[in-house]
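J.: Below you'll find the structure I mean.
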Amino acid sequence: MDNSTHWTPSPDENKLDLTDKNLINEYEAKGIASAELFVFELDSETEISTKLLLEIHSIAFSELYFWAGSWRKTSVTVGQLTPPEPSKVLQLMYQFIDNLNFIIRNALTKQDHVDCLTFAHYEFVRIHPFNKGNGRTGRILMNIVALKFGYKPLELYHREGNSRKNYIDAMKLADKGNFEPLTALIRKELTAF
């Protein structure tokens, strides 16, 4: 695997009719930065909701894509994982958000926080509620939770070296029920303000 991060495997139909992958990546990176700034400005008491996640996804991707801020309407395969059918996405997201908010309210120890962050990121990506941008939106969601617990945002991987491969390998192991590598990545990144 190439160690660099290429967010866009091939140009999708987009509002600006861009075909240059580097330019598309620049627009996407700008959108993600805007979504991250939006999150930093949220009140720490803001409850996580489906509306909030749709808004974050829209901020991140609406400059380029018509599907931004909308639930996935097509079936997808992500590596060896087949996310739930589109007809199940909304119900699964409501259940996920209810569970996540419950876990957040009841997380008392640092280990509880790590487990909650692992759940937040992995379960969101597993449901794969959007056409694209699920990993990036899932990391933003994880950072909302981290901020609620008083931690700095986590990166999970850096563009250089093997850290992206380690992250992907950890996610693949989580797909098989082994969450320890993902939990270890999160625990290593966790830094209090």
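J.: From the residues Phe124, Thr109, Ile168, which one has its Cα farthest along the dipole of the range 49-193 in the positive direction, the dipole being from +1 and -1 charges on Cβ of Lys/Arg and Asp/Glu about the Cα centre?
T.: Ile168
J.: Specify the longest stretch of the chain that does not include any exposed loop site, a site being one of the GluC sites (Glu not before Pro) with a non-H, G, I, E, B DSSP assignment and at most 15 other Cβ atoms within 10 Å.
T.: 48-154
J.: Given (i) 1, 7, 15, 20, 22, 19, 11, 4, 1, 0; (ii) 1, 7, 15, 18, 19, 17, 12, 7, 3, 1, 0, 0; (iii) 1, 7, 13, 15, 15, 14, 12, 10, 7, 4, 1, 0, 0, 0 as candidate values of P(r) over Cα pairs in 5 Å bins from 0, in percent, which corresponds to the one derived from the coordinates?
T.: It is the one labelled (i).
J.: Restricting to DSSP loop positions (anything but H, G, I, E, B) with no more than 16 other Cβ atoms inside 10 Å of their own Cβ, which trypsin sites (Lys or Arg not before Pro) remain in the range 80-166?
T.: Here the trypsin sites (Lys or Arg not before Pro) that fit, given the DSSP loop and packing criteria, are Arg159.
J.: So between Arg159 and Phe193, what do we pick up on full extension, going 0.36 nm a residue minus the alpha carbon distance?
T.: Extending this stretch completely gives an extra 9.9 nm.
J.: On to the next question. What's the FRET efficiency of Ile168 with Gln91 using the Cβ-Cβ distance as r and R₀ = 41 Å, to the nearest 0.05?
T.: So, using R0 = 41 Å, E works out to roughly 0.90.
J.: Exposure proxy check: Ser87, Ser49 ranked by fewest other beta carbons within 10 Å?
T.: Least crowded to most crowded, the residues run Ser87, Ser49.
J.: How far apart, in nm, are two points set 7 Å out from the Cα along the Cα-to-Cβ line at Leu108 and at Phe38?
T.: Going by the 7 Å Cα→Cβ label model, 3.6 nm.
J.: Exposure proxy check: Asp169, Asp98, Asp17 ranked by fewest other beta carbons within 10 Å?
T.: The fewest-first ordering by Cβ neighbours comes to Asp17, Asp98, Asp169.
J.: For the range 71-124, just say rounded, prolate or oblate: build the C-alpha gyration tensor, square-root its eigenvalues into a ≥ b ≥ c, call rounded for a/c under 1.5, and beyond that prolate if a/b exceeds b/c, oblate if not.
T.: Because a/c hits 1.5 or more and a/b fails to exceed b/c, the range 71-124 counts as oblate.
J.: In the structure shown, do any of Lys15/Lys73; Lys30/Lys176; Lys51/Lys88 have a Cα-Cα gap over 25 Å, and if so which?
T.: Lys30/Lys176, as the Cα separations exceed 25 Å there.
J.: State, as an integer percentage, the relative contact order of the chain based on alpha-carbon contacts under 8 Å between residues 6 or more apart.
T.: Reported as a whole number, the value is 20 percent.
J.: Among His158, His121, His128, which comes first, second and so on when ranked by fewest other beta-carbon atoms within 10 Å?
T.: His158, His128, His121
Since every read-out is calculated from the coordinates, none of them should be taken as a lab result. Since the model is a prediction, treat every value here as computed from it, not as a measurement. Note that each Cβ is placed from the backbone with ideal geometry, even for glycine, and that neighbours are counted across all protein chains shown.
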